[in-house]
Amino acid sequence: MTLPYLPPDYGIWLDETRFWVFHRRQRYGPFDYQWSDDLDGIEFLYQGEKYGECCSSEEFFADLKPYRLPTRVSAVATVVTGTLIRCIFYGNATQDRKEQITGQLQLSGLSRYQLELRPGTHSC
């Protein structure tokens, strides 16, 4: 008999462009991004709703306040999103993205949020 997968106390599941943040075993997400209609920027999504955008390295806007997320969840989501966007702009490979995210989480004091592939997926 196999036991069902238990969510982590603290962590991040990554699945292609989407990710979920686990905080005290509660799952928040998906957080996602997509190119804007004019392809001039990247829009940030939380559960399918736009919460911010990035048009260049100097133009970055995000506001998760309306979703009333725990402060740590917002912090983790901001670090992961910002790092993913930077990696996209620099053309980093998938493995580099995972290493960059892990490094930024450590630098931000959020290393308890371990990054892993979403169960059942094989790529990031």
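Tell me the residue from Gln100, Gln114, Gln106 that is modelled with pLDDT of 90 or more, within 14 Å of the chain's Cα centre (by Cα) and surrounded by fewer than 16 Cβ atoms within 10 Å (Cβ to Cβ), please.
Gln114
Which of the residues belonging to the stretch 47-87 are among the hydrophobic types (A, V, I, L, M, F, W, C) and touching an Asp or Glu at 6+ places or on another chain (Cβ under 9 Å)?
Within the stretch 47-87, Cys54, Cys55, Phe60, Phe61, Ala62, Cys87 qualify.
Taking the condition among the aromatic types (Phe, Trp, Tyr), free of Cβ contacts under 8 Å to residues at least 60 places away in the same chain and in a strand (DSSP E or B), does Phe89 pass?
No: the conditions fail for Phe89.
Restricting to the stretch 14-32, and then to whatever is basic (Lys, Arg) and part of a loop (DSSP other than H, G, I, E, B), can you tell me which residue is farthest from Leu110 (Cα to Cα)?
Restricting attention to the stretch 14-32, the residues satisfying the condition of being basic (Lys, Arg) are 18, 24-25, 27.
Checking the rest, the ones that are also part of a loop (DSSP other than H, G, I, E, B) come to 24-25.
On the way: Arg24: 14, Arg25: 16 Å.
Ranking the candidates gives Arg25 first.
Check Val80 against each of (1) over 22 Å from Ser36 (Cα atoms); (2) in contact (Cβ under 8 Å) with a residue 24 or more places away in the chain; (3) in contact with a helix residue (DSSP H, G or I) (Cβ under 7 Å, 6 or more places away or on another chain) and name the one condition it does not meet.
(1)
Please specify each residue of the stretch 33-62 satisfying the condition of being outside any strand (DSSP E or B) and surrounded by 10 or more Cβ atoms within 10 Å (Cβ to Cβ).
Ser36, Asp40, Gly41, Gln47 - these are the residues of the stretch 33-62 that are outside any strand (DSSP E or B) and surrounded by 10 or more Cβ atoms within 10 Å (Cβ to Cβ).
I want to confirm something. Restricting to the stretch 36-47 and keeping residues that are in contact (Cβ under 8 Å) with a residue 12 or more places away in the chain and over 13 Å from the mean Cα position of the chain (by Cα), which single residue is farthest from Ala77 (Cα to Cα)?
The extreme case among them is Asp40.
Just give me the residues in the stretch 96-113 being without any contact (Cβ under 8 Å) to a residue 12 or more places away in the chain and assigned to a loop (DSSP other than H, G, I, E, B), in sequence order.
Gly109, Ser111 - these are the residues of the stretch 96-113 that are without any contact (Cβ under 8 Å) to a residue 12 or more places away in the chain and assigned to a loop (DSSP other than H, G, I, E, B).
Please work out if Lys65 is exposed (fewer than 11 other Cβ atoms within 10 Å of the Cβ), more than 11 Å from the chain's Cα centre (by Cα) and either over 16 Å from Gln114 (Cα atoms) or among the acidic types (Asp, Glu) (or both).
Yes; evaluated as a whole, the condition is true for this residue.
Name the residues in the stretch 1-22 that are surrounded by fewer than 20 Cβ atoms within 10 Å (Cβ to Cβ) and at pLDDT 90 or above, would you?
Asp9, Tyr10, Gly11, Arg18, Trp20
Output the residues belonging to the stretch 67-78 that are modelled with pLDDT of 95 or more and assigned to a helix (DSSP H, G or I).
Of everything in the stretch 67-78, those that are modelled with pLDDT of 95 or more and assigned to a helix (DSSP H, G or I) turn out to be Tyr67, Thr71, Arg72, Val73, Ser74, Ala75, Val76, Ala77.
The values are calculated or read from the model by the stated rules, or taken from the named source; none is laboratory data. All figures in this text were calculated on a predicted structure; none of them were measured in a lab. Here the Cβ is made from the backbone with ideal geometry for all residues, glycine too, and neighbour counts use every protein chain on show.
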